[in-house]
Amino acid sequence: MLKKIKRVIIKNPCLRNLRYNLRVILIHFFHDQEAALEAFWLGAEGEEQIKLLRQLEGFRRILKKSICRCSLCGVTYNDMVYFPRQKEWVCVECVDNDLVLKEYYY
């Protein structure tokens, strides 16, 4: 488990492009799974619908906290900074532009 704030910065343009494409593939896979789960949710009733709704919310939470996209602005192509206190990834631009609440994230 990471205990310190960690910056993941890639300078090579080919590796940046590869990272971006992998993030896009993962996000598309997530959205496909989310759409399938929503279809089941619409057809379900009662306790089963509540169970599926919890799974759907869990999926969304996982994507929000993943390195695939910034948890503040939603950008997928920037370098990311990991904040272990919140267990979230935030893009370098949000950190540099002071969009991160220091007392919350640091």
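With unit charges on the beta carbon (Lys/Arg positive, Asp/Glu negative), name the residue among TYR20, ALA39, LEU53 whose Cα is farthest towards the positive pole of the charge dipole of segment 13-57.
TYR20
For helix 47-65, what angle does its Cα long axis make with the longest principal axis of the chain, in degrees from 0 to 90 and rounded to 10?
For helix 47-65, the angle is close to 10 degrees.
Short version: what are the Cα gyration tensor semi-axes of the chain, square root of 5 times each eigenvalue, largest first, in whole Å? Let's see the in-between values first.
Working: eigenvalues 182, 66, 20 Å².
Taking √(5λ) for each eigenvalue gives 30, 18, 10 Å, largest first.
Label 7 Å along Cα→Cβ of LEU26; segment 76-98 residues with amide nitrogen under 17 Å?
76-84, 87-92
Using alpha carbons only, how many degrees (0 to 90, rounded to 10) separate the axis of helix 13-43 from the longest principal axis of the chain?
Once rounded, one gets 20 degrees.
Size of the dipole of the chain about the Cα centre, Lys and Arg at +1 and Asp and Glu at -1 on the beta carbon, nothing else charged, in debye to 20?
The dipole magnitude comes to about 760 debye.
Could you count how many Lys pairs in segment 1-96 have their Cα atoms under 27 Å apart, skipping same-chain pairs fewer than 8 positions apart?
Total qualifying Lys-Lys pairs in segment 1-96 comes to 18.
What net charge is computed for the residues neighbouring PRO13, neighbours being all others with C-beta under 15 Å from the C-beta of PRO13, Lys and Arg scored +1, Asp and Glu -1?
Working: positive: LYS11, ARG16, ARG19; negative: ASP79.
Once positives and negatives cancel, what remains is +2.
No lab work stands behind these numbers, since they all come straight from the coordinates. Since the model is a prediction, treat every value here as computed from it, not as a measurement. Neighbour counts run over all protein chains shown; Cβ positions are idealised from the backbone, glycine included.
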